[in-house]
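The values are calculated or read from the model by the stated rules, or taken from the named source; none is laboratory data. Keep in mind that what you see is a predicted model, and the values were worked out from it rather than measured. Counting neighbours? That spans all protein chains shown, and the Cβs are built from the backbone with ideal geometry, glycine included.
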Amino acid sequence: MILNSIKQKLLPKYKKRNWPGLINAYKSYLPVSNKTPIITLKEGNTPLIFSENLSNLIGNNTKVYLKYDGLNPTGSFKDRGMTMAISKAKEEGCEAVICASTGNTSASAAAYASRGGLKSFVLIPDGYVAQGKLAQALMYGAEVLSIKGNFDDALEIVQKLSKEYPITLVNSVNPYRIEGQKTAAFEIMDDLKTSPDWLCIPMGNAGNITAYWKGFNEYYKKNKKYKLPKMMGFQSSGSAPLVDNIIVKNPETIATAIRIGNPVNREKAKIVKKESKGDFQSVTDNEIIDAYKILAKEGIFCEPASAASVAGLIKNKNRIKKDSLIVCVLTGNGLKDPECAIKNNDAIFQKNIEPSLKNISKILGY
Ligand SMILES: *Cc1c(COP(=O)(O)O)cnc(C)c1O
């Protein structure tokens, strides 16, 4: 048994075309059995992209890679956890799931619930969910309740509802979410054939940083060549309960996906920081927008919350040792929040142009 697990190959054999979804790819690391109905949209296997611009900006022979998890089926890393949470809910015979969400959890829960033939209820904070995410939850068939309160209020209610009624909670307090999400760390190590020195990641409820740490540790236990990275967690300065070690009553930030004042995984996150000798820091909304633009200039469009990881990296430029290998996690796709992009860009965009060849060539400077 023990010998078998040592012999077991760490690298999955699948080529991209044959990718079976993350549960099938990493089955031996996940709490599933032959009886588990696997509800999948072929999530995972997202690209790890080398960033020339960021590597040059940091200098000192640093190599910066981006884990672009915005390329999951519903456009965020939430799909990694949701394929697990919904598969297990289905296995346990549940008929409905519920979540509180700043947007991406609701989009993902709705999609996977529909895929698995379950009902989904989602509670979202009125006016603070990006348009793309709301569109998804509605299209995928969730029952959507927009509440006059923030995410933290919504979470409190759904936690109570799931205790009293036969509805499964699929927020990141659901342990299967963390199990699914840890596979992103496996993919990074499979791609790099080693571990990064730093992992930079945005934090909301801190489920994802907890999941990555679990993933890094599981490979490390099998093979010491997979070192343990420093876990660098970033929050927006208007919503930084983990950095300041407080509860933020009225969190405010342009990065709505991490607009959370009382993270449910607070204690787990503290352990991650301590064990990894990492750090939690805040970045301003302006720094987030600068990073968002830098990424787009290299062809990578992420949502504002995701850019917090890159804003944090840039902030630590002078602390980074020579020859470092760094991965920034881009948690969600830029198309989720078109309004933010249209308001915050440096593009030349001229309107009401006369459509004549002469006029247009003149404007283009020819
Ligand atoms: C959910 C989410 C986060 C925060 O992840 P946590 O696990 O709550 O810390 C960050 N970015 C995006 C795009 C998200 O959807």
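Being within 13 Å of the ligand (Cβ to nearest atom) and either over 15 Å from ASN205 (Cβ atoms) or touching a strand residue (DSSP E or B) at 6+ places or on another chain (Cβ under 7 Å) (or both) narrows it down to one of ILE289, ILE314, ILE260, so name that one. Before you say what the answer is, go through the steps one by one.
On the way: ILE289 fails: within 13 Å of the ligand (Cβ to nearest atom); ILE314 fails: within 13 Å of the ligand (Cβ to nearest atom).
Step by step, each of ILE289, ILE314, ILE260 is checked, and only ILE260 is within 13 Å of the ligand (Cβ to nearest atom) and either over 15 Å from ASN205 (Cβ atoms) or touching a strand residue (DSSP E or B) at 6+ places or on another chain (Cβ under 7 Å) (or both).
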Original post:
Pairs, please: C-beta under 8 Å, at least 6 apart or cross-chain, first residue touching a residue at least 24 places away in the same chain (Cβ under 8 Å) and in segment 243-271, second more than 14 Å from the ligand (Cβ to nearest atom) and part of a helix (DSSP H, G or I)?
Top reply: THR253/ASP285; ILE254/ASP285; ILE254/ILE289; ALA255/ASP285
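Right, SER309: hydroxyl-bearing (Ser, Thr, Tyr), within 12 Å of the ligand (Cβ to nearest atom), within 20 Å of LEU199 (Cβ to Cβ) and in contact with a strand residue (DSSP E or B) (Cβ under 9 Å, 6 or more places away or on another chain) or not? Before you say what the answer is, go through the steps one by one.
Numbers: hydroxyl-bearing (Ser, Thr, Tyr): yes; within 12 Å of the ligand (Cβ to nearest atom): yes; within 20 Å of LEU199 (Cβ to Cβ): yes; in contact with a strand residue (DSSP E or B) (Cβ under 9 Å, 6 or more places away or on another chain): yes.
Here the answer is yes, as SER309 does meet what is asked.
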**OP:** State all residues of segment 195-219 that are away from the ligand (no atom under 16 Å from the Cβ) and outside any loop (DSSP other than H, G, I, E, B); if no residue qualifies, say none.
**Re:** TRP198, ASN217, GLU218, TYR219
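Evaluate segment 96-103: report whether one residue or more is more than 14 Å from the ligand (Cβ to nearest atom), surrounded by fewer than 24 Cβ atoms within 10 Å (Cβ to Cβ) and modelled with pLDDT of 95 or more. Break it down stepwise before answering.
Here is the first cut: in segment 96-103, the residues more than 14 Å from the ligand (Cβ to nearest atom) are 96-98.
From the residues that got through so far, the ones that are surrounded by fewer than 24 Cβ atoms within 10 Å (Cβ to Cβ) too are 96.
Then drop every residue that is not modelled with pLDDT of 95 or more, which leaves 96.
Scanning segment 96-103, I find at least one residue that is more than 14 Å from the ligand (Cβ to nearest atom), surrounded by fewer than 24 Cβ atoms within 10 Å (Cβ to Cβ) and modelled with pLDDT of 95 or more, so the answer is yes.
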Original post:
If you check every pair at least six apart or on different chains, which have Cβ atoms under 8 Å apart with a residue in segment 73-101 that is charged (D, E, K, R) first and a residue that is within 11 Å of the ligand (Cβ to nearest atom) and assigned to a loop (DSSP other than H, G, I, E, B) second?
Top reply: LYS78/ASN72; ASP79/ASN72; ARG80/ASN72
Original post:
Conditions: (1) loosely packed, with under 12 Cβ neighbours inside 10 Å; (2) within 16 Å of the ligand (Cβ to nearest atom). ILE348 meets all but one. Number of the miss?
Top reply: (2)
Subject >> Residue list for segment 317-338, restricted to those being within 16 Å of the ligand (Cβ to nearest atom) and closer than 18 Å to GLU287 by Cα >> reply: CYS328, VAL329, LEU330, THR331, GLY332, GLY334, ASP337
Original post:
Here are some residues: LEU155, LEU192. Which one is surrounded by 15 or more Cβ atoms within 10 Å (Cβ to Cβ) and within 16 Å of the ligand (Cβ to nearest atom)?
Top reply: LEU155
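State whether the residues of segment 105-126 include one that is within 16 Å of the ligand (Cβ to nearest atom), at positive phi and surrounded by 21 or more Cβ atoms within 10 Å (Cβ to Cβ).
Looking only at segment 105-126, we keep the residues that are within 16 Å of the ligand (Cβ to nearest atom), and these are 105-112, 122-125.
In the following step, the residues that additionally are at positive phi were identified as none.
No, segment 105-126 has no match at all.
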